[in-house]
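Accompanying notes for the structure given below.
The values are calculated or read from the model by the stated rules, or taken from the named source; none is laboratory data. Since this is a predicted model, take the numbers as computed values, not measurements. No Cβ is skipped: glycine too gets one built from the backbone with ideal geometry, and neighbour counts run over all protein chains shown. Quick note on the areas: whole protein, heavy atoms, side chains included, nothing else; ligands and nucleic acids left out. Shrake-Rupley method; radii C 1.70, N 1.55, O 1.52, S 1.80 Å.
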Amino acid sequence: MQTYAAALRGNMKDKSRKLRFMFIAACANEDFFIPVRKGMADAAGMLDVEVAMTGVEDVDDQAEIRLIRQVIADGVDGLAISLTHQTAFNDVVAEALDQGIPVVGFNVDSRNSGNRRLSCVCQDLYSAGHKLGTAIRESIRLGATVLLTFHSQGISALEDRFRGVRDALEASGINWLTAVTGIVPEEAAVIVRD
């Protein structure tokens, strides 16, 4: 990474300016991102670059795309993006790349070969869900029905994880119901209780 940062700096007109990287995420205020922000800050200090994170409160592909376009217009040097939809981000990723701005997927990837992002950093979500389903099925009696929750609809990561859990449970004769709870814990508790 340091070599990459040095290479980017070598192509800059103003070599005294720090490189600026932006992470744009769906559900950007979730606690999941607390250690991500810390890791970003630590890496930025080691590489002598600037990093920032922004995003949308829930999953709103169009709002996230508007943020990405604004950051491109502001002249950021690199982007990390939560690609929560199979194809919605293809055009904006291509726009960034065409302007020489490298783009990587982070946490959630579109899994779409039509997306030109350079790489992605995320887990195998189906496998993670399947491992979870396999681990919990030993504690659930045969024929029982369990509740599987999503905080938001339309997130490929949650759908992939769900398929993994579902397949593991289905193999053991366990049934499931689903509920979309939202991202506010108190509201989610009411939905689950009702």
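Please go through segment 1-28 and give me each residue that is in a loop (DSSP other than H, G, I, E, B), open to solvent by 60 Å² or more (accessible area, probe 1.4 Å) and at pLDDT 70 or above, ordered by number. Give the derivation first.
Within segment 1-28, the subset in a loop (DSSP other than H, G, I, E, B) is 1, 11-19, 26-28.
This time we only want the ones that are open to solvent by 60 Å² or more (accessible area, probe 1.4 Å), so: 1, 11, 13-18.
S16, R17, K18, listed by residue number.
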Is one or more of the residues making up segment 116-124 buried (at least 18 other Cβ atoms within 10 Å of the Cβ), among the β-branched types (V, I, T) and within 27 Å of A28 (Cβ to Cβ)? no
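Out of all the residues in segment 154-164, is one or more among the polar types (S, T, N, Q), out of contact with any Pro (no Cβ under 9 Å at 6 or more places or on another chain), surrounded by 15 or more Cβ atoms within 10 Å (Cβ to Cβ) and under 26 Å from A25 (Cβ atoms)? If you could, list the steps in order and put the result at the bottom.
Initial filter on segment 154-164 (among the polar types (S, T, N, Q)): 156.
Subset that is out of contact with any Pro (no Cβ under 9 Å at 6 or more places or on another chain): 156.
Narrowing the set further to residues that are surrounded by 15 or more Cβ atoms within 10 Å (Cβ to Cβ) leaves 156.
The next check asks that each one be under 26 Å from A25 (Cβ atoms); those that pass are 156.
The answer is yes, given that some residue of segment 154-164 is among the polar types (S, T, N, Q), out of contact with any Pro (no Cβ under 9 Å at 6 or more places or on another chain), surrounded by 15 or more Cβ atoms within 10 Å (Cβ to Cβ) and under 26 Å from A25 (Cβ atoms).
Among the residues of segment 86-104, is any at pLDDT below 85 and in contact with a helix residue (DSSP H, G or I) (Cβ under 7 Å, 6 or more places away or on another chain)? Break it down into steps so the answer makes sense when it comes.
Residues of segment 86-104 that are at pLDDT below 85, as a first pass: 86.
Among the residues that remain, those that are also in contact with a helix residue (DSSP H, G or I) (Cβ under 7 Å, 6 or more places away or on another chain) are: 86.
Yes, the conditions are met somewhere in segment 86-104.
In segment 29-38, what residues are part of a helix (DSSP H, G or I) and either farther than 17 Å from G55 by Cα or open to solvent by 60 Å² or more (accessible area, probe 1.4 Å) (or both)? Don't jump to the end; show me each part of the working.
Looking only at segment 29-38, we keep the residues that are part of a helix (DSSP H, G or I), and these are 33-38.
The answer is I34, P35, R37, K38.
Specify which of the listed residues (R141, R117, R166, R137) is touching a Phe, Trp or Tyr at 6+ places or on another chain (Cβ under 7 Å), of a type in the set (K, R) and at pLDDT 85 or above. Break it down into steps so the answer makes sense when it comes.
Numbers: R141 fails: touching a Phe, Trp or Tyr at 6+ places or on another chain (Cβ under 7 Å); R117 fails: touching a Phe, Trp or Tyr at 6+ places or on another chain (Cβ under 7 Å); R137 fails: touching a Phe, Trp or Tyr at 6+ places or on another chain (Cβ under 7 Å).
Residue meeting the stated conditions: R166.
This table checks each residue for (1) open to solvent by less than 10 Å² (accessible area, probe 1.4 Å); (2) assigned to a helix (DSSP H, G or I).
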site	(1), (2)
L67	no, yes
V71	no, yes
T84	yes, no
V93	yes, yes
G114	no, no
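Restricting to segment 39-56, and then to whatever is closer than 15 Å to I68 by Cα and not hydroxyl-bearing (S, T, Y), can you tell me which residue is most open to solvent (accessible area, probe 1.4 Å)? Please lay out each step first, then the result.
Let us first name the residues in segment 39-56 that are closer than 15 Å to I68 by Cα, namely 51-56.
Then drop every residue that is not not hydroxyl-bearing (S, T, Y), which leaves 51-53, 55-56.
On the way: V51: 56, A52: 40, M53: 31, G55: 27, V56: 18 Å².
So the residue we want is V51.
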